[in-house]
Every structure is written in structure tokens, then in C-alpha cells.
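The values are calculated or read from the model by the stated rules, or taken from the named source; none is laboratory data. Being a predicted model, the structure only gives us computed values, none of them experimental. Cβ sites come from the backbone with ideal geometry, for glycine too, and all protein chains shown count toward neighbours. Ligands, DNA and RNA are excluded from the accessible area calculation, which covers all protein heavy atoms including side chains. Shrake-Rupley method; radii C 1.70, N 1.55, O 1.52, S 1.80 Å.
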Amino acid sequence: MAQDGSHHHGERTTTRPPTPLPHQRPGAATSPFDLAAWARAPRPAAAPGVYRLGYRRIDPERAEAAKVAPWPLLLRAGLNAVVGWLAFVYGTQLVLHLIVVTVWVEHPTETLVTVVGLSVNVLVASAVIKVFGRMGRWPEVWRRYVSPLLSRTVTREQPVAEDAPAVVEAVRGQDPWDGLRRGGAAEAAARLDAEAVGDVDYVRIQRAWESAQADGVFVPAFTEQVAARGAAAFAHPSEARELPGRVERHDLLLGQVRLGTAQDVPKNPLGHRAAGFALDPAVLGTSLLAVGPAGTGKTARLARPVAEALCLQALSGTACAVVVGAADADLGPDAWYDVVIAPGDGSSLYGLDLYGAARNPDEAAARLAEALLPDELTARVEHARTAVQQVVGPFHAAYARYPGVRELRALLAGEPDVSAALVKALGVAGLLAVHERDLEYRERQRDRADDPGALLADRLALLDRPAFEGAFATDGTGRPPFAMRVLDHPLRVRVKLPERSHPEAARMLSRLVVGQFVQAAAAREDRSLFAGLVVDDASAALDATAVRGLQRMRGANAGAVLLLRTLVDLPEALRAPLFGAVGCRMAFPGIAPWDGKLFSEAWGTHLVQETAVTHTPDTSGGVIRRAGRIGRKALSGTTAQTESVTTRDVERLRWSPSDLAHALPAGHAVVSLTAVSGEQVPPLLVDLRE
């Protein structure tokens, strides 16, 4: 293979298309990424959910004026111009007459006459323009018609200067590495100037520079690293600097991913209308719940873009990502991720640590017991938790590791050989006296009909299958297990659940992974990275412990995106707490009315102006008017009526259950947002196709 990427075979030569540079969209491989323009592009402050790159604030007065149709606007402006001209002509004459009558000197000089005349004309003209220009909306006419016409004329008539390209480059060439030069890293800036730097590289290097500036002794090390490696300096441990197949629009400086466009409708707040809609860690930190039937675009238009954004942020050193879904769910290719866990797939390189987020054996056993129980048996979770703790604690003390699936199953089932071996190991370690009570109690429970150990052993049998061989090993003989406690590193993790081949095992594993993430995210000591979780189908992944943990993640720089087909898939006792635990809620078209009711209640009501028109028979006037009304009724068959209009403020639901269930167009969604700071955005109608 030639170095230029061409393949030679005989006389035929085929050349691969050039690889897109960072931050390029597919099909735009020939357009270079202008780092300076992107880095210095304006990003005005805006409410949560607004894609700030290229955003323009909306002037409320201008927006109101824009609603006026062209002809009424021009007619009103013309009438005010005519009246204003007459007011100017007669107004100046009147003011001059008053001056002559009251304060005028007998023999004025020519200069005095000129100055007084000009002053009167300017004052009267200013007053006329202010009064009649406001009534006639002349600024709006200028903005809509005059200014564009002048711009086109000037552009067409102005000759092109020979140095125009240089001027353009001077405007574009604002130095993105100015901070490095001024901070003593000029050599590093010079190396970066000579390379193609993408948005991922820029954010990653700027983050490293900020860390180096915190203590001046690190600046030389920073300069040395950049001078040696250029744009690849401080790269992600995988050495990846871009995601293959990246398609969404991202602004990594703010961590935003653009999902669509907020519609220009009265229900949307003015500042969001026609603006790009985006999510970022400041919003995802309160967690997002999305509900919609299959086929409405939850995965393609929400889960995959957010997963892509979190993976890009991980490459730039600002986030870590855990993405959970079925093995066939389109959540990005495996090349996006550092760790791909696929229980049931023999080719998977990594396994899952069933106790991965725990700091001690009791905590590990409690989380595992909650994950093993089905929804209908959650009332027995306390007994199950105790049963698992009674065997996991002694096993960990005896063997300095946690039991594997088969060993834990045998201990819970009370197999004599395994129990005897555990007692012997504890005796050798001198710890039998410490754990003897737990083992004796477990032995007494084994013969009871309500023994939770037997139920848990049956549930573990779903994971003790040949297809899962080596996937959950704890003795070092299986695949390297991934432990959720590493969320303080910029890792990208994909968990592929075997929903087709082992559906009940997939449900247990999803509940275990989500529970471990919630547990580990809140327990991190280093919270500088945003820890993001995406669950493509969270119907089996949530329990009471996970829902409570969602609220704790707000202060831990972590958040989750949870997708559901319907809230009916959740136990009824979890639905209201889940709505209260998440700060962002998203409804897709076609949701059931009972799901829409929860959204509607959560979004509440707002004041709207309601106009009522009342018609009553006209009884006013004297004999002549009454006779006229009688004649009109005889001729036309209609009764003369008076019309009264009443306007009042009333409370109405922002979105009714019926609107959510039947009125949402395809490809749209209604979403409300809450930022970690507490700032809230009422429900927005968003077109996710734009």
C-alpha cells in the first residue's frame, strides 16, 4: 500500500477518499476545519437547551413587529410618513412664528437666521421621527426592506480589492493559541500552528493548559509534551482523537450536542423559538427521562447522539460514558468505545464485575441482591439482601475475593461440600469466630419454605449458563472484568445485553449495571469528569434504590438518559418517584394517554389570555331604529345583535394528555429541562429532524 492511501494493482489505480478532518460532517471532506473561526465564534449566553454556537438573541419588540404582514406594515409606515411630513412643515412654521413674535431681535444677522432655522428644523424633525416613526414602525421597515436592498447594491457595485483574501484571513486568523503564547508556551503554540488540529484536540489541549497554569512548575512539562507530540499531546489512553462515523453537530467547547430545532410556536418561550435545541452536561446532570413507543426515534434521535457526545467528551478529557442497550441497538460502532462488555458473546474481550461498585462486602452483596430479584418480589429485598451478605462476607474474608456466579449459587442453595470448604478456609484464616453466626443463621434458613436463598440461587442459575462462561469470573480465569468504580477516568464503556437469547438475564444485568453506576458516580472522590449514563431501554433497569440515587447524582457531576417505551413497564410505585427524581422530561409522539397524564401533571399550568365573544339582541335606540330592525328581520330573517368581547387570564395545561397522545407530529418531541443550577425551561416543542 502506498503512503498516499492508493492501491496499485496492475495498471488500475483507485484512490480512497480523504479521511474527514475532525469536526467535519460526512460529505464535507474537502472543506478544511477552520479552528480559529470555530474557537472564536460567538457563543452568547442563553437559556438551557439553546445551541449557543451561532445563536442570535431575539428582541421581543422586533419579534412582535415581525408578526405584522408586509402590506399593512408598509401602508401604516406610508401614512405616518405623510402625516409626519405635514407635521414637520407646519410645525417648523409654527415654531418660527412663535420665536419671531416672542423673542426675535429687530435686526438679526444672516448667521443668526441660519442657526435658528437649522436648529428649529432639527428639533422638529427629531420629534416627528420619534413620534411618527414609532407609530409607523419605520425601524422594522428599514430592517426588512431598505437594509437588505442597500446591502445587495453595495455588494454589487463595490470593486473587489486585490488584498481581499488577506483581509478575510486577517479576520479569520484570530490566534486560537494566544493564551499559550502569553503564558510562556510559545514553542508549543508554534508546533500546533503547523498541524491540523480538530475540536477534540483543541478542547483536550486547552484543558491540559488550564491544569498546567494552576501551578507554574507544570508549564515546562506541558510545553515539552506538545512540542514532542503536537496535536496528539495528552491524548486519550486509547490514542483515539476522533470518532469514526461521527455525524451529529457538536460544540465541544460547551459540551453541547445539537438534536434539533425548537419550533416557532406560541407554546415555546420566545428565546427558544427557531433556535437550535441542544443538551449538555449542565442539563444532563439532572438526568433525562424519555418516553415514547418503538419506532418514534428515541434511539436514533436521542440515545445515539448523546452517546456520541459523551464519547467525544471522553476523548477530549472532560467526561466518561457508560452506554447500556441491547446487542443490536444502534448506539454507535464498537470502535467508539474502549470497553465493550457483551455477556453471551464468546468473542467479547471483557467481562463484568458483579460487585464492581462496592467499597465493602456488605455493600456489594446488597446491590447484587437487589439486581437479582424480579420486580414482583421487591418486597422481599431486605431478606434477600441479608441472605447474600451472610455468604459473601465470609467468602471474601476466607478467599480475599468475591464468589463467582457458580460459587455464590452453591452457597445460597446450601450445598454441603461448598459450605464445608468455606468453614475450613475461615478456620485456616483464623476468622471463623467472626463469621460463624452468619453461616449458622444461613444454615438454619436453608430448610425453611420462605428461604430467600433458594429463590436467589434460582435467579443466579440464569447467569450460570454456558453462554456466559467467563463473563463474570472473579478468580482471574475468565475475561478481564470491568468494575464500575473507575468512573474517575475518561473511559467509554458499552454494555451489550443479550435481550434476544437470554431476556431475563438481560433484565438482571441492566438493573445491576445501572445500580452500580449510580452507586459509583456518587462515591467518586474526583468529580472533575462528567459521568454520563445512557440506557436505551430502562424498563428493567430501575428499582427504588436506583431512583433515589438519581437525585444524589446532581451534586456529583453525573447524570443519566433513560429511555422507556411506556411508564406501564415500571412498577406503579416507581412512576411518580421517577418523575420527581429527574429534572428533564421528554415525550415522543404516540405515547399513551395515561403516560401523557403524568407528563401533563408534572408540567403544570400557565396563564393564557382567553377571549370570549357574547352576542345579545340589540334593543337600543328610539322608534325609528326599532322600526328599522323590525324591517331587517322581516327581510333577512336575522335579528340585529350587539357584540361584547371579554378578555381574561385563565390557567390552562401547558400540554394536555390528549395533545401529547394525538397531536404531536412525527419526528417531534416535547421536552422540559432543568439545569444543575436550578434554572428551568418549560416544555418545548422540538423538531428532531432539523
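Numbers below:
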{"item": "Surface per residue (accessible, 1.4 Å probe) for the chain, Å²", "result": "51 Å²"}
{"item": "Neighbourhood net charge (10 Å Cβ-Cβ; Lys/Arg +1, Asp/Glu -1) for Pro48", "result": "-2"}
{"item": "The chain, helix-only ellipticity at 222 nm - DSSP H runs n ≥ 4, -39,500 (n - 2.57), divided by all residues, nearest 500", "result": "-13500 deg cm²/dmol"}
{"item": "Answer label for semi-axes √(5λ) of the Cα gyration tensor in Å (calculated), chosen among [x] 75, 24, 21; [y] 65, 39, 23; [z] 64, 30, 19", "result": "[y]"}
{"item": "Among the listed pairs Lys130/Lys267; Lys496/Lys597; Lys298/Lys496, those beyond 28 Å (Cα-Cα)", "result": "Lys130/Lys267; Lys496/Lys597"}
{"item": "q = 0.13, 0.22, 0.24 Å⁻¹: log10 I(q)/I(0) that the Debye formula gives for segment 216-314, counting C-alpha atoms only", "result": "-0.65, -1.24, -1.33"}
{"item": "Cα gyration tensor category, rounded, prolate or oblate, for segment 404-450 with a/c compared to 1.5", "result": "oblate"}
{"item": "DSSP bridge pairs, the chain: antiparallel proportion in percent, nearest 5", "result": "55 percent"}
{"item": "Carbon and sulfur %, accessible surface of the chain computed with the full protein complex present, 1.4 Å", "result": "57 percent"}
{"item": "Distance in nm between pseudo-label sites at Thr619 and Glu187 (7 Å out along the Cβ direction from Cα)", "result": "10.0 nm"}
{"item": "Nearest-0.05 FRET efficiency for Arg207 and Glu525, computed from C-beta distance (R0 30 Å)", "result": "0.95"}
{"item": "Average Cα contact separation per residue, the chain, under 8 Å, 6 or more apart, as relative contact order %", "result": "15 percent"}
{"item": "Protection proxy ranking, peptides 215-225, 335-345, 475-485, 639-649, average beta carbon neighbours within 10 Å, highest first", "result": "335-345, 475-485, 215-225, 639-649"}
{"item": "Sorted peptide list for 505-511, 267-273, criterion being average Cβ within 10 angstrom, highest first", "result": "505-511, 267-273"}
